[in-house]
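One structure is given here, and the rest of the page talks about it.
The values are calculated or read from the model by the stated rules, or taken from the named source; none is laboratory data. Values in this document were obtained by computation on a predicted structure and should not be read as measured data. Glycine gets a Cβ as well: all are built from the backbone with ideal geometry, and neighbour counts include every protein chain shown. These area figures cover heavy atoms from the full protein model, side chains too; ligands, DNA and RNA do not enter into them. Shrake-Rupley method; radii C 1.70, N 1.55, O 1.52, S 1.80 Å.
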Amino acid sequence: MNLEDRWIKLEEEIVACRKCARLVAYREEVARTRRKAYHDQEYWGKPVPGFGDPKARLLIFGLAPGAHGSNRTGRMFTGDSSGEFLYSALYRAGFANQAVVSSRSDGLLLNDIFISAACRCVPPDNKPMPQEMLNCRPFILVELDLLARLRGVVALGKIGFDNILAVYRQKGYIIPALEFKHGQFYDFGYGLPWLLASYHPSRQNTQTGRLTEAMFDSIWSQARSKMA
Ligand code: SF4
């Protein structure tokens, strides 16, 4: 099977997945009930596959779809305030062709970046259970395998950060317990992609000033300098 077919097969497997009963019920309930502002829109209501440049050198690893963001639109970080904050920063940093995104058909192209997450289905209260993230882990393992040019990972939030470390350990590498700290860079050797920690661009972080545009911009310029 060639690379393109492997990507297509992976996406089909993710979108069809019903492994976590709690999350299947929740994602479908949110899609059925909808938020008032989107009552006339058809929600995606399925697992959200990774998105971006299959030749990417940089992986962005987040937590899970937002209930009325990517669970509505079907594309990572699309349709809510976290995505607005992320994609406008990626545009400023030259990783995206447009700053404003709205749907899977809005023309967005990412350059040298692929976006994935620890959990592909929206969890109640944005809190996936450990077993649900474990159920989802085979998908990131395949993505890491397919992203042959990968140099580094930017983890958005502590859960994404811890998940990447767990993935590396599952692959057999000895990785010590590491502190999650915004802007902290870790290089593991072994030919593994390096890891850069960032606060998640959630509303709780961006509206309180815990994560500012300047702080986020410095993550992407740091990442770019390490990709060379
Ligand atoms: S969270 Fe992952 S493993 Fe669980 S149902 Fe969704 S796609 Fe499948």
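Of the residues making up the stretch 21-35, not one is open to solvent by 60 Å² or more (accessible area, probe 1.4 Å), closer than 12 Å to N71 by Cα and β-branched (V, I, T). Of all residues in the stretch 1-18, which are exposed (fewer than 14 other Cβ atoms within 10 Å of the Cβ) and within 11 Å of the ligand (Cβ to nearest atom)? Listed by number, the residues that qualify are A16, R18. Each residue in the stretch 162-194 was checked for being closer than 25 Å to L146 by Cβ and in contact with a Ser or Thr (Cβ under 9 Å, 6 or more places away or on another chain), and 0 of them qualify. No other residue among A148, A64 is within 16 Å of the ligand (Cβ to nearest atom) and either assigned to a loop (DSSP other than H, G, I, E, B) or of a type in the set (F, W, Y) (or both) apart from A64. Restricting attention to the stretch 158-184, the residues that are in a helix (DSSP H, G or I) and over 19 Å from the mean Cα position of the chain (by Cα) add up to 2. Taken over the stretch 36-55, the residue count meeting the criterion of being away from the ligand (no atom under 16 Å from the Cβ), surrounded by fewer than 21 Cβ atoms within 10 Å (Cβ to Cβ) and not in a helix (DSSP H, G or I) is 7. Restricting attention to the stretch 128-135, does a residue exist that is among the aliphatic types (A, V, I, L, M) and under 23 Å from K55 (Cβ atoms)? Checked against the condition, which is being among the aliphatic types (A, V, I, L, M) and under 23 Å from K55 (Cβ atoms), the stretch 128-135 yields no hits at all. In the stretch 145-192, the residue that is modelled with the lowest pLDDT out of those that are over 30 Å from R210 (Cα atoms) and either buried (at least 17 other Cβ atoms within 10 Å of the Cβ) or among the polar types (S, T, N, Q) (or both) is Q170.
The set of residues in the stretch 193-228 being in a loop (DSSP other than H, G, I, E, B), aliphatic (A, V, I, L, M) and open to solvent by less than 50 Å² (accessible area, probe 1.4 Å) consists of L211 alone.
Annotation: of all residues in the stretch 85-143 being assigned to a helix (DSSP H, G or I) and open to solvent by less than 20 Å² (accessible area, probe 1.4 Å), the one that is farthest from the ligand (Cβ to nearest atom) is A89.
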